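Take a look at the structure set out below.
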Amino acid sequence: MQNVIKHQIKDLLKERNAVLLAHNYMRDEVQEIADITGDSLALSIEAAKTEADVIVFCGVHFMAESAAILSPQKKVLLPRPDAGCPMADMVTAAELELLKSRHPGVPVVTYVNSSAEVKAHSDICCTSANALKVVQSLSEDELIFVPDRNLGRWIAKFVPQKKFIFWEGFCPTHERMTVAAVLQKKSEHPDALFICHPESAPAVSDLADHVCSTSGMYDYCRKSQAAKFIIGTEAGIIYKLRLENPTKEFILASPALFCPNMKLTSLEDILLSLQNLEPVISVPEDIRLKAKGALDRMLAIPRD
Ligand code: 13P
Ligand code: SF4
């Protein structure tokens with residue numbers, strides 16, 4: 001049955017001149033049929049440069065919104081519009097404005113896991129892959145970092161000369177990974193390296209051999225001489241890690257590393273979305289233009 005749906009999706013993608021983008025946390029079968037899989041930064045870049053008329057975004061709401069901000073002439077479909085991100089919901093534009101009013105002139109760095117409206121009130125965006133470069137690109141010594149307290153505090157360690165004003169937002173999925181769970185896995189697999197995402201709690205990141213974005217994990221595990229890795233991020237990443245490294249072993253750091261929003265999108269949802277060309281994600285033009293300014297400033301920073 002799955003194969004029939006996969007073929008129908010492939011046919012419709014061609015017919016509609018559509019591209020299927022999938023985040024690294026999507027269900028295995030969704031990653032399998034995607035034209036491009038990647039982290040938030042890679043998918044933003046693809047959304048900005050694609051020639052397709054339709055972008056089918058398999059991820060969560062803020063990601064499809066970023067695609068709509070960057071490619072207003074394209075139809076951006078989010079097969080499950082109820083796929084949100086609790087962290088993105090932890091800060092509103094009004095709350096950010098209040099914080100800004102207490103720190104006049106201090107630039108705002110906003111993690112892409114945020115609404116278009118919050119981006120519109122920001123100076124520059126960042127992802128977990130480029131957050132350090134983004135912060136280093138600012139000439140000011142002080143900055144407001146929203147909404148992820150863990151990514152913010154992780155980055156702050158590398159730029160001690162800068163003063164950070166943090167927002168206390170967080171990813172519930174990553175924060176469910178406890179120190180006890182990681183120590184347990186480390187004791188069961190003493191020969192494994194522990195790699196985690198910077199959205200993890202600081203006490204967990206402190207245990208890691210390497211902290212990086214989801215794409216960073218693919219690079220690291222591919223290049224590493226190690227044969228075994230304990231992975232501290234959402235479970236969906238394991239699919240491609242195993243595919244790309246058949247001789248290496250990957251162990252999820254905690255069974256709690258499961259983002260319910262990232263798991264909503266099914267093949268059936270994608271097919272339906274392509275058939276009906278909806279739900280369409282769009283952003284009001286005044287907000288879009290301001291949010292695009294913050295995303296463009298981020299995208300202008302050269303990658304490694
Ligand atoms: P990256 O894919 O950018 O590392 O982000 C992780 C994440 O939590 C996205 O929701
Ligand atoms: Fe949001 Fe965390 Fe899920 Fe990513 S993994 S979408 S940050 S809740």
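Applying 0.36 nm per residue to the separation of H210 and H189 and subtracting their alpha-carbon distance, the gain on full extension is 5.9 nm. Sequence-ordered 3J(HN,Hα) estimates for segment 118-134 from the Karplus curve with 6.51, -1.76 and 1.60 and θ = phi - 60° stand at 5, 4, 5, 9, 10, 8, 7, 9, 8, 10, 5, 7, 10, 4, 5, 4, 4 Hz, glycine and proline given as x.
Proximity of backbone amide H atoms, modeled 1.01 Å from N, is registered between V76 and I55, I281 at under 5 Å, excluding neighbours fewer than 5 places apart on the same chain.
The number of Lys pairs in segment 93-239 with C-alpha atoms less than 16 Å apart, excluding pairs fewer than 8 positions apart on the same chain, is 7. Taking other C-beta atoms within 10 angstrom as a stand-in for reagent exposure, V56, V106, V283, V112 fall in the order V106, V283, V112, V56, fewest first. The relative contact order of the chain comes to 23 percent, based on Cα pairs under 8 Å that sit 6 or more residues apart.
Using θ = phi - 60° in the Karplus curve 6.51 cos²θ - 1.76 cosθ + 1.60, the 3J(HN,Hα) couplings for segment 290-295 round to 5, 5, 4, x, 5, 6 Hz; x is entered for Gly and Pro.
Applying 0.36 nm per residue to the separation of K133 and E249 and subtracting their alpha-carbon distance, the gain on full extension is 38.6 nm. Hey, which of these cross-link pairs are over 24 Å Cα-Cα: K14/K75; K10/K49; K49/K263? The answer is K49/K263. With both labels modelled 7 Å from their Cα along Cα-to-Cβ, the D219 to A203 distance reads 3.1 nm. Distant-in-sequence amide contacts of K228, defined by a placed amide H-H separation under 5 Å and a gap of 5 or more residues or a different chain, comprise L193, E249. If I take R0 = 35 Å and measure r between the Cβ atoms of V159 and D53 in this structure, what FRET efficiency does the formula 1/(1 + (r/R0)^6) give, to the nearest 0.05? Efficiency, from the Cβ-Cβ distance: 0.25. Taken over the C-alpha atoms, segment 87-180 has Rg and Dmax values of 12.7, 42 angstrom.
Extension gain, E29-R102: 0.36 nm per intervening residue step, less the Cα-Cα distance, totals 21.6 nm.
Here, each number is a calculation from the coordinates, and none is a lab measurement. This one's a predicted model, so the numbers in the text were calculated from it and none came from an experiment. Cβ: placed from backbone, ideal geometry, glycine included. Neighbour counts: every protein chain shown.
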